[in-house]
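The block underneath contains the structure these notes are about, expressed in structure tokens.
The values are calculated or read from the model by the stated rules, or taken from the named source; none is laboratory data. Values in this document were obtained by computation on a predicted structure and should not be read as measured data. All Cβ positions, even for glycine, are placed from backbone atoms using ideal geometry, and neighbour counts span all protein chains on display. Please note that ligands, DNA and RNA were not included when accessible areas were found on the heavy atoms of the full protein model with its side chains. Shrake-Rupley method; radii C 1.70, N 1.55, O 1.52, S 1.80 Å.
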Amino acid sequence: MTDKPEMTEAFSHPAAKAAIGTEGGVTGWKGELLHIHIAPKASFEMEELEEATCVAGRGIEGDRYFLGTGTYSARPDVREITLIELEALDALARNDPPLQDGPIELLPIDHRRNLTVRGVPLNHLVGRRFRVGEVILRGGRLNFPCKYLETLLDSPVYLPLYNRSGLNCGIEKGGVIRPGDEIEMLD
Amino acid sequence: MSARLVMKLRVAEVTKLTPEITGFRFVHPRRPRLPEWTAGAHVDVHLPDGAVRQYSLCGDPGDRSSYRIAVKREDGGRGGSAWLHAHAAADMEIPVSAPRNHFHIETREGRHVLIAGGIGVTPLLALARVFARENRDFAFHYCIRHPHKAAFVDELRELCGDRLTLWVSDEGAMLDPLALMDAERGAQLVVCGPAPLTDAIEAAADQVGWPLEAYHTERFTALSDAGFEPESFQAVIASTGTELDVPADRSLLSVLAENGIELDSSCEIGVCGSCECGYLKGDVIHRDVVLGPKAQRTRLMPCVSRAAGKVVLDL
């Protein structure tokens, strides 16, 4: 097994640092956790969990990045836990905008982010703290799609995921999360 | 380098094909359709001890509902086949990769002569299924010791009819590669089998000057070049100009990984093709059994292949 990848504390990431000092962001929303997925190793298909234990500063127990068996570059980064909006997947499914030949069905089990959420404005949460059930997350940086996902899925998802590929977070306070958990802003 | 999805597939069926060969059929527990593949492709089977083994798919590429492999128990092997024979049972879930194909035969035109030996029959069986369905011009030569010890004889008979020739060595019938090449000039030759068979056919191909582009082979074992003396060399990363020293006792793959360039890898003996990498310049010593002569001009397998002096990698 490889060593645990070096993690960047979410609010130490340059993106989060810049965002923390900037006003703005949507407030007054409440969202929901729909699915939890982990992969035991890089390239392995994701597996859905009924509940998951999040460990502060580490990740989700059993996940590739928690175990240090994920695909990662040598550079430290924020990737303890990753989120994506169901609304982004819905947009791909209606080919909106029409960047590819037709609709793409990207299932929650296939996108390789850990949490699929609904009603959560992820692009507004860089540099912000928010709660998923009893767990507190810190938005570190926007996720961007990688070509690797295209190869793995044999589907042209790279371009349509751009700018709505989700959020890479750090875990400030660990705990157990389950689908159905409420998600809301903390500050 | 190309990453492939690894899926936990369910063993749907285990069939004893001969005393030594067992067939396994895998299905996906959730998806009705598996990733597509072409005849000649193999999958990686991930074993519980972390080892990864390559097996050719022998089913019908047109049937995406399941993958079929046939595994010969090699008691003197690296343990993968013994584990599958002893432990893999119906309903068990085993991690299997999406298929990869180094063989690329289906799309070529003209007559094809398939020559299989022993368990090397598996990728050629898949090819024969496609050729038979498409009414292509082909012949199938199957070299076996004894009909009861060979897998898929009945299936091949049904599929190929009189296009099948069985060469049963226990009955004294041996394929004569020179005579075959003489009779089949102009055809594409596709060979898969144990080293003695492929060596004999390659020797004959050399002798008659068989065109390289009409000769296709897949080997299951690493190149046996026990006399090879590795020497140190330099690898240059084209994108950064970084120069790395590869000592005589280290692989290029491991030196790259140590310097933060982690290529996908699996067998590390030059047979699976996972770590394939491009190069721009250099005198490469190819020691894998995956790349054909044309691919060798620009690609290399850093797990086993080396260079004389300096090689510039397309990384």
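Residues in segment A:124-149 that are surrounded by fewer than 18 Cβ atoms within 10 Å (Cβ to Cβ), part of a helix (DSSP H, G or I) and without any contact (Cβ under 8 Å) to a residue 60 or more places away in the chain: A:K147 only.
Taking the conditions (1) under 30 Å from A:S43 (Cβ atoms); (2) out of contact with any Phe, Trp or Tyr (no Cβ under 6 Å at 6 or more places or on another chain); (3) not basic (K, R) in turn, B:P99 satisfies each one other than (2). Of all residue pairs spaced 6 or more apart or on separate chains, those with beta-carbon atoms under 8 Å, a first member in segment B:75-101 that is under 15 Å from B:V27 (Cβ atoms) and a second member that is surrounded by 12 or more Cβ atoms within 10 Å (Cβ to Cβ) and among the hydroxyl-bearing types (S, T, Y) are B:V96/B:Y67; B:P99/B:Y67. Scanning segment B:236-274 for residues that are within 26 Å of B:A41 (Cβ to Cβ) and of a type in the set (D, E) returns B:E262, B:D264, B:E268.
Within segment B:226-258, the set of residues being part of a strand (DSSP E or B) and exposed (fewer than 14 other Cβ atoms within 10 Å of the Cβ) comprises B:E243, B:D245. So which residues in segment B:19-39 are within 14 Å of chain A (Cβ to nearest Cβ) and buried (at least 19 other Cβ atoms within 10 Å of the Cβ), if there are any at all? Selection gives B:F26, B:H28, B:L34, B:P35, B:W37.
Entry remark, segment B:172-198: residues being assigned to a loop (DSSP other than H, G, I, E, B) and within 18 Å of B:E213 (Cβ to Cβ) number 4 in total. Taking every residue in segment B:243-262 that is modelled with pLDDT of 90 or more and pairing it with any residue that is surrounded by 16 or more Cβ atoms within 10 Å (Cβ to Cβ) and in a helix (DSSP H, G or I), at least 6 positions away or on another chain, the pairs with Cβ-Cβ distances below 6 Å are B:L244/B:V255; B:V246/B:L252; B:V246/B:V255.
Per-residue answers, yes or no, for (1) away from chain B (no Cβ under 14 Å); (2) within 15 Å of the chain's Cα centre (by Cα); (3) at positive phi:
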site: A:H13; (1), (2), (3): yes, no, no
site: A:K17; (1), (2), (3): yes, no, no
site: A:G25; (1), (2), (3): yes, no, yes
site: A:G28; (1), (2), (3): yes, no, yes
site: A:E32; (1), (2), (3): yes, yes, no
site: A:P40; (1), (2), (3): no, no, no
site: A:E45; (1), (2), (3): no, no, no
site: A:E50; (1), (2), (3): yes, no, no
site: A:A56; (1), (2), (3): yes, no, no
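For segment B:1-18, the tally of residues that are under 15 Å from B:A89 (Cα atoms) and within 13 Å of another protein chain (Cβ to nearest Cβ) stands at 3.
Among the residues of segment B:259-314, those identified as more than 26 Å from B:F103 (Cβ to Cβ), in a loop (DSSP other than H, G, I, E, B) and open to solvent by 50 Å² or more (accessible area, probe 1.4 Å) are B:N259, B:E262. Taken together, B:A116, B:A128 contain a single residue that is modelled with pLDDT of 95 or more and either hydroxyl-bearing (S, T, Y) or part of a strand (DSSP E or B) (or both), which is B:A116. Selection within segment A:150-177: residues that are within 19 Å of A:L34 (Cβ to Cβ) and touching a Gly at 6+ places or on another chain (Cβ under 6 Å). The member of this set that is surrounded by the fewest Cβ atoms within 10 Å (Cβ to Cβ) is A:I177. The set of residues in segment B:43-54 that are of a type outside the set (S, T, N, Q), open to solvent by 10 Å² or more (accessible area, probe 1.4 Å) and away from chain A (no Cβ under 12 Å) comprises B:L47, B:P48, B:D49, B:A51, B:R53.
Any idea which residue in segment B:135-171 is least open to solvent (accessible area, probe 1.4 Å), counting only those that are among the charged types (D, E, K, R) and not in a helix (DSSP H, G or I)? Looking at residues that are among the charged types (D, E, K, R) and not in a helix (DSSP H, G or I), I get B:R136.
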